[in-house]
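Trainee: Structure incoming, see below.
Bear in mind these aren't lab numbers, they're just calculated from the coordinates by the rules spelled out. Only a predicted model underlies this, so the values are computations on that prediction, with no experimental measurement involved. Reconstructed Cβ throughout: ideal geometry from the backbone, glycine too, with neighbour counts over all protein chains shown.
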Amino acid sequence: MISPYHPPVKRSVEIAGHKTSISLEPLFWDLLRTAAQDEGVPINALVARIDVERIASPTPPGLAGALRLWLAARFAARGLRSTDAEG
């Protein structure tokens, strides 16, 4: 396994027809790619959806932070479902 301790990597994405760049650690890029595959959508579409949710929140974080939080919440929710199934 590659070390999770790696500086952020900047990549371009397109949201609502506008290009922007996002800096995320490779671990988060991998998790985002997996989430997009699981949902059957391109990464740009998933990022755009998360961006809409982010903007609608009372205190929206930056986009990179929102992606990390969304991925952590997704991971936590899946972990809780696995724990519930075991009990």
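Trainee: Quick check: residue separation of Val9 and Val52 times 0.36 nm, minus the Cα distance between them. What number comes out in nm?
Mentor: Difference between extended and current length: 13.2 nm.
Trainee: Would you please give the residues with an amide H less than 5 Å from that of Ile15, counting only those at least 5 places away or on a separate chain, with H modeled from the backbone geometry?
Mentor: The list, which skips near neighbours in sequence, is Thr20.
Trainee: Here's something else I'd like to know. Taking N as the number of residues in the chain, what is its alpha-carbon radius of gyration divided by 2.2 N^0.38 Å?
Mentor: Normalised Rg, Cα atoms only: 1.16.
Trainee: What nm value, rounded to one decimal, do you get for the distance between Arg33 and Thr59 when each label is placed 7 Å out toward the C-beta?
Mentor: 3.4
Trainee: For region 36-41, what does the Karplus curve 6.51 cos²θ - 1.76 cosθ + 1.60, with θ = phi - 60°, yield as ³J(HN,Hα) per residue in whole Hz, taken in order and with x for Gly and Pro?
Mentor: 5, 5, 4, 8, x, 10
Trainee: Next up: What list do you get for Ile15, Ile22 if you sort them by fewest beta carbons within 10 Å?
Mentor: Arranged by neighbour count, lowest to highest, Ile15, Ile22 become Ile15, Ile22.
Trainee: I would also like to ask the following. Between Ala76 and Glu25, what length comes free when the chain is fully extended (0.36 nm per residue of separation minus the Cα-Cα distance, one decimal in nm)?
Mentor: Contour length minus the Cα-Cα distance gives 16.5 nm.
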